[in-house]
Amino acid sequence: METYNKIMQLFWLVVGVITIIAVTVLGFKDGFERWSSYYVFGFFAILLYFVRRYNAKPSL
């Protein structure tokens, strides 16, 4: 189960970074007025990465 958690943790980080990069590229291409609201999905994915990382730490 620990391996699964590490894979999913890395998955959310990769999804978040790729989403932010894609939205930035599309923003330059088509205009940020259209794509700026999609940054929420990238930041949400990175937030999930940190939540999973925090929850994976053993409690004291």
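The values are calculated or read from the model by the stated rules, or taken from the named source; none is laboratory data. Every value quoted in this text rests on a predicted model; they were computed, and no experiment measured them. Positions of Cβ are generated from backbone atoms using ideal geometry, with glycine treated the same way; all protein chains shown enter the neighbour counts. These accessible areas exclude ligands, DNA and RNA; they are computed on the full protein's heavy atoms, side chains included. Shrake-Rupley method; radii C 1.70, N 1.55, O 1.52, S 1.80 Å.
At-a-glance table
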{"quantity": "Top-ranked residue in the stretch 48-60 [being open to solvent by less than 70 Å² (accessible area, probe 1.4 Å) and out of contact with any Leu (no Cβ under 6 Å at 6 or more places or on another chain); ranked as nearest to M1 (Cα to Cα)]", "calculated": "A56"}
{"quantity": "Count - residues of the stretch 1-47 that are among the hydrophobic types (A, V, I, L, M, F, W, C) and open to solvent by less than 50 Å² (accessible area, probe 1.4 Å)", "calculated": "8"}
{"quantity": "Residue within the stretch 6-19 that is more than 15 Å from the chain's Cα centre (by Cα) and modelled with pLDDT of 90 or more present", "calculated": "no"}
